[in-house]
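The next block holds one structure in the form of C-alpha cells; read it before the comments.
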Amino acid sequence: MTTRTIAILGLLIASAAGACAQQPRSIVGIWTQAGAACTGAAGALTIGPMSLSGEDVACRFSSVKREGNRVTWQGVCDDAEGSARQTVIATETEGRLTIRYVPGGNVIDRLVRCR
C-alpha cells in the first residue's frame, strides 16, 4: 500500500468511528418526573423498542423512526377512552424527555431516566 492509500484508510476509519460515537443514547428504559418513584403507580413510563406503557396507557407500535434526539413511533395506544391510532413523538434534550401524542394532544415533559 502507498502512503496515500494508508492515509485515506485512516481517515475513513476515523470518520466511521466519529459517526458511531455521535449516535444518541437509546431512550429505551423507565422514565419519570424528577423526584418521583420509578413505578407505574407514580406516573413512570416504560419505553421499549416498539412499546410504551404507564399507569393509564399502553402503546404497541408498528413502525419507529429516529432522527437525532427525536424518536417517532406509529401504532395503537389503549387508555381509559379505548384504543386509537397514535403517533407518539419522544424528544430528549439535556437528559430530559418530552412525549407528545398526536392526534391525542397529550404532552408529558421533563421526564428523567430511572435506569
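Numbers at a glance
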quantity	calculated
Length-normalised contact order of region 24-113 in % [C-alpha pairs under 8 Å, at least 6 apart]	20
Local net charge near Gly43, Cβ-Cβ under 10 Å (Lys/Arg +1, Asp/Glu -1)	-2
Long-range amide H partners of Thr39 with built H, under 5 Å	Ala44
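Values in this text are rule-based calculations from the coordinates and carry no lab data. Just so it is clear, the structure is predicted and the values come from calculations on it, not from any experiment. Cβ coordinates were reconstructed from backbone atoms using ideal geometry, including for glycine residues, and neighbour counts include every protein chain displayed.
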